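Since the structure comes first, as structure tokens, the remarks are kept for the end.
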Amino acid sequence: MEANGIASIGECMLELSGQSGPNWRMGFAGDTFNTLWALHALSPDRPATYVSAFGDDPFSRDQIGFFAESGIGIGNSPIIAGARPGLYAITLTGAERAFTYWRSDAAARQLASDPAALAKSLENQALVYFSGITLAILDDAARKTLLAAIAAARSAGSLVAFDPNYRPRLWSSRETAQAAILGALAVADIALPTFPDEQMLFGDETPQATAERLGKRLGEVVVKNGEQPALIAVNGVSETVDAVHVAAPVDTTGAGDSFNGGYLAARLAGHAPANAVRRAHRVAAAVVQVRGALAPFETLRAAFDG
């Protein structure tokens, strides 16, 4: 069977956003799900799978139902009796967001609890995507199980993309995060780091330093840097692509995740890296003009097509 699907691995949480007095809007989001959402919108002919672990409570059932209504499956992801999803709330100062989390006992922390099921979920995938947050919610043994499954999928022909997405509060130490992320880079083909994260974690002084460091480990690197140009480094050759300026952003939640989805969708469709970055910038610019992490599919497609 030809590998045609797209799979993203991680944690999708309940999202509280759009506060109006005591009332909040509830949705579903999380970094790797946000990326898959954009990928699925922009690659509708490819089966989309969100690989995680889920509870058996009403919120988990609603979450899985929302995925299904949106055309996204969960593969062989385990359903954990008595477990429930994590939760986060977005508060805004202007368009800049801050997050409050309740996720310490989330079902997704058990996403590698069944190695055979995990491997099955990654079969026949053209692309497998994961992030540093995926790694951070797992213990050391589970991380090793996950990376082994990803390595096996890569050996079977899957393209593997990874965003380090460093969040210090999720890690016991900077050194633990460094080691885990270096392990992930060893099984990846494409890296999609964000410069301020890499500066914080590895001490890089410039985006070029990030690209050069990661370029020694894998052949395709795109360094995101907010409204600054993105830096592409492919097999040692680098170039920059200007971002799209948004004069009055509404909510920056999910911008980088959606950039990743736009970039990967473009690369899967055969676009060269620079053109893929241009499309990804347009997608990210569209996302910051809506509230919450998930823009409507039509919005994403219109931005992608320019």
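The values are calculated or read from the model by the stated rules, or taken from the named source; none is laboratory data. Bear in mind the structure is a predicted one, so any value in this text is a computation, not a measurement. As a convention, Cβ positions derive from the backbone with ideal geometry for all residues, glycine included, and neighbour counts pool all protein chains shown. To get the accessible areas, we keep the full protein, side chains included, count just its heavy atoms, and leave off ligands, DNA and RNA. Shrake-Rupley method; radii C 1.70, N 1.55, O 1.52, S 1.80 Å.
Here are a few things to note about the model shown:
- In sequence order, calculated HN-Hα J values of the range 36-45 (Karplus, 6.51, -1.76, 1.60; Hz; x Gly/Pro): 5, 4, 5, 4, 5, 4, 9, 10, x, 7
- Net charge in the neighbourhood of ASN76 (other residues with Cβ under 15 Å of its Cβ; Lys, Arg +1, Asp, Glu -1) is -1.
- With all protein chains modelled, accessible area of MET26 [1.4 Å, Å²]: 80
- If you bin all the Cα-Cα distances of the range 47-90 at 5 Å, starting from zero, the percentages per bin are 5, 23, 29, 26, 13, 4, 0.
- One compactness figure for the range 14-86 is 1.18, namely its Cα radius of gyration divided by 2.2 N^0.38 Å.
- Solvent-free Debye scattering, log10 I(q)/I(0), computed from the Cα coordinates of the range 16-171 at q = 0.11, 0.12, 0.14, 0.20 Å⁻¹: -0.45, -0.54, -0.74, -1.50
- Translational diffusion of the range 175-286, µm² s⁻¹ [Kirkwood Rh, Cα pairs; Stokes-Einstein; 20 °C; 1.002 mPa s]: 150
- Mean residue ellipticity (222 nm) of the chain, computed from DSSP H runs ≥ 4 via -39,500 (n - 2.57), nearest 500: -11500 deg cm²/dmol
- A 1.4 Å probe over all protein chains sorts GLU96, GLU198 by accessible area into GLU96, GLU198, starting with the largest.
- Cα centroid separation, the range 116-140 to the range 1-34 (Å): 16
- Per DSSP, loop trypsin sites (Lys or Arg not before Pro) in the range 167-263 with at most 14 further Cβ within 10 Å: LYS216, ARG217
- DSSP-defined antiparallel bridges as percent of all bridges, the chain, nearest 5: 45
- Here the 3J(HN,Hα) profile of the range 103-116, calculated from phi with Karplus coefficients 6.51, -1.76 and 1.60 at θ = phi - 60°, is 8, 5, 10, 5, 4, 4, 5, 9, 5, 9, 6, 10, x, 5 Hz, Gly and Pro shown as x.
- Gyration tensor (alpha-carbon) shape descriptor, the range 85-228, a/c threshold 1.5: oblate
- Label zone (TRP24, point 7 Å along Cα-to-C-beta; backbone nitrogen cut-off 15 Å) within the range 41-64: 59.
- Accessible area per residue for the range 221-306, computed on protein heavy atoms with a 1.4 Å probe, is 41 Å².
- With every protein chain in place, the chain: carbon and sulfur % of accessible area (1.4 Å): 51
- Per-residue accessible area (protein heavy atoms, 1.4 Å probe) orders LEU294, LEU201 as LEU294, LEU201, starting from the largest.
- Each principal axis of the Cα cloud of the chain was evaluated for its coordinate range; sorted largest first, these ranges are 50, 48, 41 Å.
- Note that the range 37-91 presents 40 Å² accessible area per residue, ligands and nucleic acids not counted, probe 1.4 Å.
- Length added when fully stretched, ALA209-PHE297, from 0.36 nm per residue minus Cα-Cα: 28.2 nm
- For HIS245, the accessible area of its heavy atoms, probed at 1.4 Å with every protein chain present, is near 130 square angstrom.
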